[in-house]
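Step one of this worksheet: look at the structure below.
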Amino acid sequence: MGSLAESVMEENYSKPPGIRFMERAKKSSLSFKTYQAIVLIVTFLAYASYHATRKTTSIVKSALDPQTPGVDALKFPWQRHTTQESSRLSWMLKDGWLPFNGPDGTAMLGQLDVSFLFVYAMGMYFSGHVGDRMDLRIFLTIGMVGTGLFTALFGVGYWANVHIFYYYLIVQMMAGLFQSTGWPSVVAVVGNWFGKKKRGLIMGIWNAHTSIGNITGSLVASILLKYGWGWSMVVPGSIIAIIGVLVFLFLPVHPESVGANHDEDEDEVFTPRKEGEEVTERLLRSDREEESAVGFIEAWKIPGVAPFALCLFFAKLVAYTFLYWLPFYISHTAIDGKYLSNEEAGNLSTLFDVGGVVGGILAGYISDRLGARAITAASFMYCAIPVLYLYRSYGHVSMTINIILMLITGVFVNGPYALITTAVSADLGTHSSLKGNSRALATVTAIIDGTGSIGAAIGPLLTGYISATSWSAVFTMLMGAAFIAGLLLTRLVVAEVGAKIHQLGGSPRSRSPDLEV
């Protein structure tokens with residue numbers, strides 16, 4: 001039986017070289033808490049680097065097409081700027097870069113963005129399916145190195161003097177495909193190491209990597225832009241590849257991959273047995289089929305996956321519309337009778353991300369305390385509706401009111417988005433219906449975030465059409481999307497409320513309902 005356990009462990013996981021080196025230097029195994037700290041730090045750096053490379057293209061746009069301010073929103077083929085305001089960087093950007101500085105330059109830049117987002121969304125499904133069938137440490141390393149390669153290849157076009165649009169289009173699509181490996185992998189790994197008890201709070205704090213990555217990518221790309229726009233792509237691409245090597249060296253995918261003893265941390269890590277069941281080590285099962293990766297269709301059938309995936313579709317639609325269009329909206333809206341410059345609008349829009357960090361932590365903490373993910377997510381989405389209305393109606397009154405409302409909007413828009421893509425995905429990937437099989441985390445995460453990413457692409461797309469007529473109509477669309485997002489969780493909310501009523505009535509129910517419907 002022992003040889004079976006060893007063979008399963010060797011087949012599914014391998015101890016990272018860096019961990020082996022640390023243990024040899026220490027001459028003893030690392031503590032379980034140390035492993036958890038390593039997991040959080042390495043995955044935080046990994047996904048922050050994903051977002052840093054994703055953000056660079058929005059900065060480089062100002063170099064490719066000087067008439068397109070670098071902090072403006074995502075451009076689409078039907079959207080053309082008529083403003084005559086020149087960029088502050090125009091003296092160093094010269095005449096832009098063919099073919100993006102021509103009459104169709106704005107449309108081409110928009111096509112790059114939309115292509116990236118749709119390939120990213122479609123690749124998410126594929127990545128989760130593959131991720132649950134191989135060592136996630138290797139899979140994540142391949143994804144990060146591939147992302148770095150194609151991000152750098154975009155910048156290589158600067159020195160290679162490439163002026164063929166389809167070169168940049170194909171490179172961006174490939175970058176989107178490799179980017180899709182990141183989220184399912186990091187959530188699956190963190191989910192393997194942290195159980196439900198504090199998962200919401202821990203992942204809420206950990207999810208700050210998104211904003212840190214966005215800010216870092218913007219700063220690095222902006223600083224390097226004056227040396228040539230190619231550097232703004234090559235350097236971030238090199239950074240994520242280097243961090244990918246660190247992932248290969250130090251990331252323990254699962255406690256069993258490093259022989260970690262988590263008996264003393266029973267509540268902190270996923271365990272397949274239910275209350276009252278006999279204690280059995282998962283690796284010692286003789287039934288190997290139980291540990292086979294869960295199929296794509298099977299994952300969709302897990303209770304809670306479909307409603308949360310569809311909810312995230314609309315939640316991300318709202319969040320990414322703000323991500324891509326908020327700087328543009330601010331710069332074209334008079335605040336206290338004055339219009340902000342593109343640079344000032346871009347800086348002000350970062351407060352939405354600040355609110356998002358607070359929202360992610362708050363949603364995670366509340367859901368942990370209540371033991372109710374669906375109630376928390378739905379409540380945040382419903383609260384976002386009046387907040388969106390207030391921001392549209394009163395955000396222009398003064399700078400102070402605009403800042404306050406923007407922060408609050410970030411809290412309620414990004415809170416449920418962060419909760420669903422982290423703690424909820426991890427919960428469902430270790431659902432009781434899987435009977436102890438933990439090899440579904442990446443697939444479930446990919447299904448949920450992949451579905452959400454389709455909404456992330458559609459939201460900005462629709463905004464390009466609707467904003468030409470009325471920004472009030474855009475906000476009406478966003479409020480409607482927030483309402484539908486909350487509505488999609490109704491059955492889960494009812495189930496969680498029912499569980500709480502049973503608890504109050506003394507019925508022997510578990511502390512946290514397992515998202516049953």
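The values are calculated or read from the model by the stated rules, or taken from the named source; none is laboratory data. As the structure is a prediction and not an experimental result, all values here were calculated from the model. Cβ coordinates were reconstructed from backbone atoms using ideal geometry, including for glycine residues, and neighbour counts include every protein chain displayed. Ligands, DNA and RNA are excluded from the accessible area calculation, which covers all protein heavy atoms including side chains. Shrake-Rupley method; radii C 1.70, N 1.55, O 1.52, S 1.80 Å.
Observations, loosely collected:
- Residue match in the stretch 64-79 (condition: open to solvent by 40 Å² or more (accessible area, probe 1.4 Å), in contact with an Asp or Glu (Cβ under 9 Å, 6 or more places away or on another chain) and either under 23 Å from Met134 (Cα atoms) or modelled with pLDDT of 85 or more (or both)): no
- Annotation: Val171 fulfils all but one of (1) open to solvent by less than 30 Å² (accessible area, probe 1.4 Å); (2) in contact (Cβ under 8 Å) with a residue 24 or more places away in the chain; the unmet one is (2).
- Residue match in the stretch 383-393 (condition: among the hydrophobic types (A, V, I, L, M, F, W, C) and within 18 Å of the chain's Cα centre (by Cα)): no
- Listing of helices (runs of 4 or more DSSP H) fully contained in the stretch 169-259 that carry 2 or more residues being farther than 30 Å from Gly371 by Cα: 209-224, 231-250
- The condition of being within 22 Å of Tyr382 (Cβ to Cβ) and either buried (at least 23 other Cβ atoms within 10 Å of the Cβ) or under 16 Å from the mean Cα position of the chain (by Cα) (or both) holds for only one of Ala473, Ala456, Ala446, that being Ala456.
- Qualifying residue in the stretch 178-192 (condition: open to solvent by 20 Å² or more (accessible area, probe 1.4 Å) and either under 15 Å from the mean Cα position of the chain (by Cα) or of a type in the set (D, E, K, R) (or both)): yes
- Test: residue in the stretch 357-370 that is more than 22 Å from Asn214 (Cα to Cα), of a type in the set (Asp, Glu) and either surrounded by fewer than 21 Cβ atoms within 10 Å (Cβ to Cβ) or touching a residue at least 12 places away in the same chain (Cβ under 8 Å) (or both): yes
- Members of the stretch 454-482 that are at pLDDT 80 or above, of a type in the set (Gly, Ala, Ser) and in contact with a Gly (Cβ under 9 Å, 6 or more places away or on another chain): Ala481
- The stretch 380-419 - residue that is open to solvent by less than 20 Å² (accessible area, probe 1.4 Å) and in contact with a strand residue (DSSP E or B) (Cβ under 8 Å, 6 or more places away or on another chain) and, of those, farthest from Thr333 (Cα to Cα): Asn402
- Across the stretch 476-506, the number of residues qualifying as in a loop (DSSP other than H, G, I, E, B) and open to solvent by less than 40 Å² (accessible area, probe 1.4 Å) comes to 1.
- Pairs are defined by a Cβ separation below 7 Å, a sequence spacing of at least 6 or placement on different chains, a first member in the stretch 42-57 that is surrounded by 22 or more Cβ atoms within 10 Å (Cβ to Cβ), and a second member that is of a type in the set (Val, Ile, Thr) and not in a helix (DSSP H, G or I); no pair meets this definition.
- With respect to (1) modelled with pLDDT of 85 or more; (2) in contact with a His (Cβ under 7 Å, 6 or more places away or on another chain), the lone exception for Ile302 is condition (1).
Yes or no, residue by residue, for (1) within 18 Å of the chain's Cα centre (by Cα); (2) open to solvent by 10 Å² or more (accessible area, probe 1.4 Å); (3) modelled with pLDDT of 90 or more:
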site	(1), (2), (3)
Cys311	yes, no, yes
Phe314	yes, yes, yes
Val318	yes, no, yes
Thr321	yes, no, no
Ser331	no, yes, no
Tyr339	no, yes, no
Glu344	no, yes, no
